[in-house]
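Take a look at the structure set out below.
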Amino acid sequence: MTAKQGLLLVNLGTPAAPTASAVRRYLAEFLADRRVIEIPRLLWLPLLYGVILPLRCKRVARNYASIWLDEGSPLAVYTRRQAQALQQKLEIPVEPAFRYGEPSIAHALAKLERAGCDDIILLPMYPQFSATTSATVFDAVAAYYAKRRSMPGLQWINAYQTHPDYIQALAASVRKHWQDKGRSEKLLMSFHGLPQVNVDRGDPYQAHCQATAQALAQTLDLADGAWGLAFQSRFGKQVWLQPYTEPLLCQWAGEGLKTVDVICPGFPADCLETLEEIRLGAAATFRQAGGQSLNYIPALNDNPAHIDALAALVRPRLNSCNPQTLPHD
């Protein structure tokens, strides 16, 4: 008897609305995660609730309002569309979930169980693994089943930083941008940042980002001087992975560079970090430093090539974990 399979598609999360109260609920859950912020709780939580949330929520809410779609948060909209497209393509139940916010991982797992799924494939939408992202999904899944008497078979897609279909989808999006908008003097690949200490302690994230960037540059046949890699979204006073995105753009502008294309390969769906931080904020910074035009290449979102790439990740696991079909001793 073949197991009925389902797919859990997990992205980071988003506030439910572009309001200070919704942002506060979201950030409180996100920034209280021990894997995300490794500062001792006795030091961090008073700072989080007493300083950071009161000071940041209104400003962050305005940033969300600047990118909000009629259907909701871009991250939520595109994640839902990705799940719907994958369900149609793979012909198995697919549930979208967010690590922080709603629908939660617990809610989505319960829906898959009610649909009769006894083998669930877990796909964290983080191409490059980090303990601060992918591992937190594992934590949430484990916490859900820690309170239950039974559980389905689980298959875990750990990372896909150089999967050929993912790289080809990225490359196709760059080529389409060049065809439609023209090609800038340089391509910048901007990834979400991470404290340097995390990598020093063994997090593979930086190596994964470098591998993605190298694979994409090779696929696009870019010379070494035609592209760069940087890390964005730095928070706090710690040293994070370098070079930092905006200072690098300022450096390029100071060296006489006038036009730059930017792609964010670590973000499978457009969100605050791509639309507000890069498309709006980094573009303004580049112009103020003397550049003329920074052109953001959208995330893969629900692009058919992206859906095909995600399906290619899942297909090898379809009906491959059925205990009832294994030979007996």
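The values are calculated or read from the model by the stated rules, or taken from the named source; none is laboratory data. Remember, it's a predicted structure, so these values are computed and weren't measured experimentally. Every residue, glycine as well, gets a Cβ built from its backbone with ideal geometry; the counts of neighbours run over all protein chains shown. Protein only, heavy atoms only, side chains kept; ligands, DNA and RNA dropped before computing areas. Shrake-Rupley method; radii C 1.70, N 1.55, O 1.52, S 1.80 Å.
If you check Asp308 against the conditions, is it acidic (Asp, Glu), more than 16 Å from Gln232 (Cβ to Cβ), over 16 Å from the mean Cα position of the chain (by Cα) and open to solvent by 10 Å² or more (accessible area, probe 1.4 Å)? Show your work before the answer.
Numbers: acidic (Asp, Glu): yes; more than 16 Å from Gln232 (Cβ to Cβ): yes; over 16 Å from the mean Cα position of the chain (by Cα): yes; open to solvent by 10 Å² or more (accessible area, probe 1.4 Å): yes.
So Asp308 fits the description; yes.
Looking at Thr133, Thr79, Thr162, which is the one that is of a type in the set (Ser, Thr, Tyr), open to solvent by less than 60 Å² (accessible area, probe 1.4 Å), out of contact with any Lys or Arg (no Cβ under 7 Å at 6 or more places or on another chain) and within 20 Å of Ile307 (Cβ to Cβ)? Reasoning before the result, please.
Details: Thr133 fails: within 20 Å of Ile307 (Cβ to Cβ); Thr162 fails: open to solvent by less than 60 Å² (accessible area, probe 1.4 Å).
Going through Thr133, Thr79, Thr162 in turn, the sole match is Thr79.
Just checking, which of Leu257, Leu220, Leu280, Leu248 is closer than 25 Å to Asn198 by Cα and modelled with pLDDT of 95 or more?
Working: Leu257 fails: closer than 25 Å to Asn198 by Cα; Leu220 fails: closer than 25 Å to Asn198 by Cα; Leu280 fails: closer than 25 Å to Asn198 by Cα.
Matching residue, one of Leu257, Leu220, Leu280, Leu248: Leu248.
How do the pairs read when you match residues in the range 235-258 that are in contact (Cβ under 8 Å) with a residue 12 or more places away in the chain with residues anywhere that are open to solvent by less than 70 Å² (accessible area, probe 1.4 Å) and among the basic types (Lys, Arg), using Cβ under 8 Å and keeping only pairs 6 or more apart or on different chains?
Between residues of the range 235-258 that are in contact (Cβ under 8 Å) with a residue 12 or more places away in the chain and residues that are open to solvent by less than 70 Å² (accessible area, probe 1.4 Å) and among the basic types (Lys, Arg), the close pairs are Trp252/Lys186; Leu257/Lys186.
Right, Tyr100: in contact with a Gly (Cβ under 6 Å, 6 or more places away or on another chain), at pLDDT 95 or above and closer than 19 Å to Tyr126 by Cα or not? Reasoning before the result, please.
Details: in contact with a Gly (Cβ under 6 Å, 6 or more places away or on another chain): yes; at pLDDT 95 or above: yes; closer than 19 Å to Tyr126 by Cα: yes.
In short, yes.
Considering the range 22-58 alone, what residues qualify as being of a type in the set (Ser, Thr, Tyr) and open to solvent by 70 Å² or more (accessible area, probe 1.4 Å)?
From the range 22-58, those of a type in the set (Ser, Thr, Tyr) are 26, 49; that's our starting set.
If the condition is that a residue be of a type in the set (Ser, Thr, Tyr) and open to solvent by 70 Å² or more (accessible area, probe 1.4 Å), then Tyr49 is the only one that fits.
Take the residues of the range 272-281 that are open to solvent by 10 Å² or more (accessible area, probe 1.4 Å) and more than 19 Å from Tyr205 (Cα to Cα): which is nearest to the chain's Cα centre (by Cα)?
Our first condition is that a residue be open to solvent by 10 Å² or more (accessible area, probe 1.4 Å); within the range 272-281, this holds for 272-273, 275-277, 279-281.
Restricting the remaining residues to those that are more than 19 Å from Tyr205 (Cα to Cα) gives 272, 275-277, 279-281.
Details: Leu272: 11, Leu275: 13, Glu276: 15, Glu277: 14, Arg279: 16, Leu280: 19, Gly281: 19 Å.
Once the filter is applied, the top-ranked residue is Leu272.
Please name all residue pairs, on different chains or six or more residues apart, with Cβ atoms under 6 Å, provided the first residue is in the range 15-27 and is within 15 Å of Gly72 (Cα to Cα) and in a loop (DSSP other than H, G, I, E, B) and the second residue is modelled with pLDDT of 95 or more and hydrophobic (A, V, I, L, M, F, W, C).
Between residues of the range 15-27 that are within 15 Å of Gly72 (Cα to Cα) and in a loop (DSSP other than H, G, I, E, B) and residues that are modelled with pLDDT of 95 or more and hydrophobic (A, V, I, L, M, F, W, C), the close pairs are Pro15/Ala22; Pro15/Val23; Ala16/Ala22; Pro18/Ala61; Pro18/Ala65; Pro18/Trp68; Thr19/Ala61.
Mind checking which helices (runs of 4 or more DSSP H) fall wholly inside the range 103-210 and carry at least 1 residues that are out of contact with any strand residue (DSSP E or B) (no Cβ under 6 Å at 6 or more places or on another chain), closer than 15 Å to Leu8 by Cβ and among the small types (Gly, Ala, Ser)?
Details: elements: 105-114, 134-145, 164-181, 196-200.
It comes to 105-114, 134-145.
Restricting to the range 211-250, name every residue that is assigned to a helix (DSSP H, G or I) and either open to solvent by less than 30 Å² (accessible area, probe 1.4 Å) or among the acidic types (Asp, Glu) (or both). Even if it seems obvious, please write down each step before you answer.
Kept after step one, since they are assigned to a helix (DSSP H, G or I), are these residues of the range 211-250: 211-219, 224-226, 245-250.
If the condition is that a residue be assigned to a helix (DSSP H, G or I) and either open to solvent by less than 30 Å² (accessible area, probe 1.4 Å) or among the acidic types (Asp, Glu) (or both), then Thr212, Ala213, Ala215, Leu216, Ala217, Asp224, Ala226, Thr245, Glu246, Leu248, Leu249 are the ones that fit.
Taking the range 59-68 as the region of interest, how many residues are surrounded by 14 or more Cβ atoms within 10 Å (Cβ to Cβ) and under 22 Å from Lys237 (Cβ atoms)?
Residues that pass the stated criteria total 2.
Count, please, the residues in the range 165-179 that happen to be open to solvent by less than 30 Å² (accessible area, probe 1.4 Å) and either among the hydrophobic types (A, V, I, L, M, F, W, C) or farther than 13 Å from His306 by Cα (or both). Break it down into steps so the answer makes sense when it comes.
Pass one, the range 165-179, residues open to solvent by less than 30 Å² (accessible area, probe 1.4 Å): 166-167, 169-171, 173-174, 177.
Adding the requirement that they be either among the hydrophobic types (A, V, I, L, M, F, W, C) or farther than 13 Å from His306 by Cα (or both) leaves 167, 169-171, 174, 177.
Of the residues in the range 165-179, 6 are open to solvent by less than 30 Å² (accessible area, probe 1.4 Å) and either among the hydrophobic types (A, V, I, L, M, F, W, C) or farther than 13 Å from His306 by Cα (or both).
Residues being open to solvent by less than 30 Å² (accessible area, probe 1.4 Å), of a type outside the set (Phe, Trp, Tyr) and within 16 Å of the chain's Cα centre (by Cα): count how many of those fall in the range 182-207.
4
Restricting the first residue to the range 186-211 and requiring it to be under 19 Å from Leu249 (Cβ atoms), which pairs with a second residue that is modelled with pLDDT under 95 and crowded, with 21+ Cβ neighbours inside 10 Å meet a Cβ separation below 7 Å and a spacing of at least six or different chains?
No pair meets every condition.
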